[in-house]
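Report on the following structure.
All of the numbers you see were taken from the coordinates with simple rules; none came from a lab. Nothing here was measured: the structure is a model prediction, and the numbers come from that model. All Cβ positions, glycine included, derive from the backbone under ideal geometry; neighbour counts span all protein chains shown.
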Amino acid sequence: MIRVSKPVIAPAALSPGAGLVQSLIDDAAGGIRSGASNEPFAFDRGVYAHASVKAALRAAQFDKCCYCEGKIGAHSAGDVEHFRPKTRTRQGPNEVLVYPGYYWLAYQWANLFFACDQCNRVGKRDFFPLGVPANRARLPTDSLAIEEPMLVDPSADDPRAHIRFNTWIPEGQSERGRETIRIVGLDRDALNDDRRSHYKIIDVLAQLLALPELENDRAAAKALLLDFSGPTAQYSAMTNDCLAAHGISQAELQ
Ligand SMILES: [Zn+2]
């Protein structure tokens, strides 16, 4: 995971979201969702997952998943992911479902990311664990600031402060990092395998840089490593940790 920097201005296609949320709030105030009803609110996918919204997210994330840094285009269409789940939420597997979810954030630019289907649909799903579950915001007027989310926000937080790599294996540097790895499944077997293949290349290139007799080939190795370690590259966080383990800085590759 690396930090996602989205354009400050939200795509215009999200504008109808404010009105859609107001009608959900009116429904809730009108008691439609009072009592024991767990009937979910309806959301307009045509707004939050509008082609222009998806395109803006894909561009900001260099066509990579906001969690695993896997390139998405080649293998799946990818999902517009709600960091705070819109429909319903829960602390973790086997925990009680909380209805409704963060419905008022369904069309909020800050709450939207681009994720692969494995991280989004198999891993994170509707989980949004909090340090203190009783602090969960349940209404648009409730404070998000006191929530203490246990998942690392790809944009508001610096993911590199929470998750680092030991070879191709992600390691939590904080409780939140460990929880993010666990909930999203950043250590799943298929992902570890994919990262391992990538790691072996980086590792060999880094070793080549240290061989004095390869003076003439060093520029080519550096150029490749620079490519592999930039923010547009797949698994760039792991690559940078591998380079650091070899004592190679980004500046040395320039
Ligand atoms: Zn992913």
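A few comments on the model shown:
- Relative contact order of segment 189-253, pairs being alpha-carbon contacts under 8 Å that are 6 or more residues apart, as %: 35
- Counting only whole DSSP H helices of the chain, the ones at least 15 Å long by C-alpha along their axis and with mean Kyte-Doolittle hydropathy no lower than -1.0 are 17-29, 189-209, 218-229.
- Sequence of I163, I9, I72, I146 once ranked by neighbouring C-beta atoms within 10 Å, starting from the fewest: I9, I146, I72, I163
- Across segment 125-142, rounded Karplus estimates of 3J(HN,Hα) from the backbone phi angles (6.51 cos²θ - 1.76 cosθ + 1.60, θ = phi - 60°) give 6, 9, 6, 8, x, 10, x, 10, x, 5, 7, 5, 5, 10, 10, x, 8, 6 Hz, Gly and Pro being marked x.
- Candidate cross-link partners of K64 among the lysines, defined by an alpha-carbon separation under 16 Å and a same-chain spacing of 8 or more, comprise K6, K54.
- Here the 3J(HN,Hα) profile of segment 91-102, calculated from phi with Karplus coefficients 6.51, -1.76 and 1.60 at θ = phi - 60°, is 5, x, x, 6, 9, 5, 6, 10, 10, x, x, 8 Hz, Gly and Pro shown as x.
- Taken about its Cα centre, segment 59-162 carries a charge dipole of about 260 debye when Lys and Arg each add +1 at the Cβ and Asp and Glu each add -1 at the Cβ.
- Share of pairwise Cα separations in the chain, more than 31 Å, in percent: 31
- A helix-only calculation puts the chain at -10000 deg cm²/dmol for mean residue ellipticity at 222 nm, using -39500 (n - 2.57) for each DSSP H run of at least four residues, averaged over all residues.
- Shape call, segment 12-151: gyration tensor on alpha carbons, a/c limit 1.5: oblate
- As a calculated quantity, the FRET efficiency between R138 and A51 at R0 = 41 Å, using C-beta atoms, amounts to about 0.80.
- Relative contact order (percent, whole number), the chain, Cα cutoff 8 Å, 6+ residue spacing: 19
- For K200, the aspartates and glutamates whose Cα comes closer than 16 Å to its Cα, not counting residues fewer than 8 places off in the same chain, are D227, D241.
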